[in-house]
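What follows is calculated from the coordinates using simple rules that are stated; it is not laboratory data. Note that the coordinates shown come from a computational prediction; the quantities given were computed from them, not determined experimentally. Here Cβ is always computed from backbone atoms with ideal geometry, including for glycine, and neighbour counts include all displayed protein chains.
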Amino acid sequence: MTGKSILCLLIACSFFSATPPHDVRIMTYNIRNAMGMDKKKDFDRVARVIRQAGPDFVALQELDSGTNRSGNRYVLQEVANRCGYQYCYSAAIPFDGGSYGIGLMSREKPLRVVRVPLPGSEEKRTLLMAEFRKLVLFVVHLSLTETDRDSAAVLINAQLKRFHKPVFLAGDFNAEPGSPAIGLLQTNGWTLLSGESFTFPSNAPDRCIDYVFAAPGNACKTIHHQVIADTMASDHRPVLVNVTLP
């Protein structure tokens, strides 16, 4: 083989081995401790909704961990085991013999997990941040109080300097489109990926309070987003976003 042929072969190999765009499916789901609209706790039902959607990452809210209310069971672990995911948890408050907070399920194990307290007048809140090979996931369940939500948005923005990968923010914001907290995020460059379809209450939704955002500088492209029309497993409908990372 001539030198010119070898050079052409190397160029061709380099071209075809270039890293392709990476599709990622992100879900946020307030599962209310797997308590359905029929007032029955059913981990299998919640897990089935998640498995059918096939997300790579799932931000979860309203999770008991070892509480008397949930029979000393770890709600996140129960759901994650049924779905076959890795998981990490962030307690917001001590509650009923255990704790209550938020979590994240993922197909891959996080490289690191960071937990930061957030304000909440009626109950304290928390920000869960998990770094993976190609991206970072922020998970929240924001306060019912507007001033707390606004303060939380400022604190969330301040955490971006920790990471140098595409960041996504997902959760139950307890805030509708056009509210001050959502406006504050968007003014600071966060891009809404999940749309503004109604997510709560699940049996007759009349407001959007669950979202997925991309951080400033995150050049992902939204392929598809949807609110999954499950009316029974929780009082929230799950939100799913399919994006392509650059």
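Points worth noting:
- Simple Cβ-charge dipole of the chain, Lys/Arg +1 and Asp/Glu -1, about Cα centre, in debye nearest 20: 980
- Taking Cα atoms only, the orientation of helix 3-16 departs from the longest principal axis of the chain by about 10 degrees.
- 10 Å Cβ shell holding at most 14 others, DSSP loop, GluC sites (Glu not before Pro): longest site-free stretch of the chain: 1-107
- Between helix 43-53 and the chain there is an angle of about 30 degrees, using the helix long axis and the longest principal axis of the Cα atoms.
- The shape of region 69-166 comes out oblate: with a ≥ b ≥ c from the C-alpha gyration tensor, a/c is at least 1.5 while a/b does not beat b/c.
- For K134, the lysines whose Cα comes closer than 24 Å to its Cα, not counting residues fewer than 8 places off in the same chain, are K109, K161, K165, K221.
- Packing-based order for 109-115, 134-140, 79-85, using average beta carbon neighbours within 10 Å, highest first: 134-140, 79-85, 109-115
- Reference-scaled alpha-carbon Rg (2.2 N^0.38 Å with N residues) for region 96-148: 1.30
- With N counted as the residues of the chain, its alpha-carbon radius of gyration over 2.2 N^0.38 Å works out to 1.10.
- Two-site label geometry, D38 and N72: point separation in nm, points 7 Å out along Cα→Cβ: 2.8
- Stokes-Einstein D in µm²/s, Kirkwood radius over Cα pairs - region 187-242 at 37 °C with 0.692 mPa s viscosity: 275
- Neighbours of P119 by Cβ distance under 13 Å: Lys/Arg scored +1, Asp/Glu scored -1, total -2.
- From least to most packed, judged by other beta carbons within 10 angstrom and beginning with the fewest, D210, D23, D172 follow the order D23, D172, D210.
- Extension gain for Q186 to K221 (0.36 nm times residue separation, less C-alpha to C-alpha distance): 10.9 nm.
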